[in-house]
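Just so it is clear, none of the values below were taken in a lab; they were calculated from the coordinates. Values in this document were obtained by computation on a predicted structure and should not be read as measured data. Because the Cβ atoms are built from the backbone with ideal geometry, glycine has one as well, and the counts that use them run over all protein chains shown.
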Amino acid sequence: EPEVTQTPSHQVTQMGQEVILRCVPISNHLYFYWYRQILGQKVEFLVSFYNNEISEKSEIFDDQFSVERPDGSNFTLKIRSTKLEDSAMYFCASSDSQPSTEQYFGPGTRLTVT
Amino acid sequence: AQSVAQPEDQVNVAEGNPLTVKCTYSVSGNPYLFWYVQYPNRGLQFLLKYITGDNLVKGSYGFEAEFNKSQTSFHLKKPSALVSDSALYFCAVRDVGNTPLVFGKGTRLSVIA
């Protein structure tokens, strides 16, 4: 069964450093998403991406964040200058259409900012 | 704005007994409703969804959920719980034409042998 993959599984970085989280969505999917889950809190939407552009973003997704689909398979989330409060589990998801189709989630990247 | 409430942080049930994990929602239009499960160190796995049609929807691993429009609820159920069902369960909603899923805070299900 096809699945969403994410690398790395765990990333530790110092405050102010840039990080790039990588995702490989399911190959025939067209919509891509990033969510995050701060420890003990609910899963929160960050951004959605379709047809090589951002289709929607939340207020969390400020100028420090960017997304890119650099080739036909990868989907990346970049945090330009990390803050302590960026520490969270980041989930990538993809779906083949919207809005009724379920989103398939990757295993997540745990980001720890020290 | 859409919202989801999962009123219970933790549900404990004995193996073999029926289980219910509660979810209520608020949307401006017709809802698309989803249940996901998260096992330790794993991503969110899709269980089932309600889009339209029968109010009782069946999903993976013997789970089912009942959509109740008047009570704005979408409770997750299983007739006979297994120890392996122990996990964190998330209810989510999206509005028609809207992209992001809005999640509840999750309910931890513990099935005791």
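What ranking do B:LEU44, A:LEU21, A:LEU39, B:LEU82 get, fewest neighbouring Cβ atoms within 10 angstrom at the top? Don't skip to the end; give the middle numbers.
On the way: B:LEU44 28, A:LEU21 23, A:LEU39 8, B:LEU82 14.
Placing the least packed residue first, the sequence is A:LEU39, B:LEU82, A:LEU21, B:LEU44.
For the range B:62-110, the fraction of alpha-carbon pairs lying more than 19 Å apart is 37 percent, rounded to a whole number.
Taking square-rooted eigenvalues a ≥ b ≥ c of the alpha carbon gyration tensor, is the protein assembly as shown rounded, prolate or oblate, where a/c under 1.5 means rounded and, failing that, a/b exceeding b/c means prolate? Because a/c hits 1.5 or more and a/b exceeds b/c, the protein assembly as shown counts as prolate. Phi angles of the range A:18-28 translate, via the Karplus equation with coefficients 6.51, -1.76, 1.60 and θ = phi - 60°, into HN-Hα couplings of 8, 10, 10, 9, 10, 9, 10, x, 5, 4, 9 Hz per residue; Gly and Pro are given as x. For chain A, the Cβ-based charge dipole about the Cα centre amounts to some 300 debye (Lys, Arg positive; Asp, Glu negative; other atoms uncharged).
Counted by neighbouring Cβ atoms within 10 Å, the residues B:SER70, A:SER95 run from fewest to most as B:SER70, A:SER95.
Kirkwood Rh, Cα Rg: Rg to Rh for chain B?
Numbers: Rg = 13.4 Å, Rh = 14.0 Å.
Radius of gyration relative to Kirkwood radius: 0.95.
Basic side chains Lys and Arg get +1 at the Cβ, acidic Asp and Glu get -1 at the Cβ, and with that the dipole of chain B about its Cα centre reaches some 140 debye. Counting every alpha-carbon pair across chain A, the share separated by more than 17 Å comes to 50%. In terms of other Cβ atoms within 10 Å, B:ARG94, A:ARG69 run from fewest to most in the order A:ARG69, B:ARG94. Between the C-alpha center of the range A:78-92 and that of the range B:35-113 there is a gap of 27 Å.
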